[in-house]
Amino acid sequence: MYDVIANLPVLSLIQEPAIPQLSSLRARPAIPIRILPMYSYVYFITNSNNTVLYVGVTSNLEKRVWEHKHNIVKSSFTYKYNCHKLVYYEAFGDIRYAIAREKQIKNWKRGWKNELIANKNPDWVDLSDSEWDCGSSPQ
């Protein structure tokens, strides 16, 4: 069944079997849920000199960049190499495509990655500075 307005699939909640001592209570009716499109991202983070490049995948780019900038994971690659600058990202409608793209890019030569970044961001500016306020914690 599809939502006519958004042309998105509609699912019904599956009711759990009633607990014996609560079987006299009325079960709630199934509520239709609209599956909303959710984006996943492949992104590049670099250090201030653009000498180290980290390629990652996430479903919440703003939150993930904030985590990199605030060194939340002390044992991470980006913490060790001081990578805090978002220089490139791609959005995908399906996490599986984002993961496949990340794996593809991780096998590339550094020059190919540099070219990909330079085509969209020739000056290698921090894209998160213009996109979000990375000082406060994202939702």
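What length, rounded to one decimal in nm, is gained on full extension from Thr51 through to Lys106, with 0.36 nm per residue of separation minus their alpha-carbon distance?
Computed gain between Thr51 and Lys106 is 18.2 nm.
Does the range 40-131 classify as rounded, prolate or oblate by the C-alpha gyration tensor (a ≥ b ≥ c root eigenvalues; a/c under 1.5 gives rounded; else a/b over b/c gives prolate, otherwise oblate)? List each step's numbers first, then the result.
On the way: a/c = 1.34, a/b = 1.09, b/c = 1.23.
It is rounded, given that a/c, with a ≥ b ≥ c, falls under 1.5.
Readers should treat all values here as calculations from the given coordinates under stated rules, not as data from a laboratory. Since we're looking at a predicted model, the values are computed, not measured.
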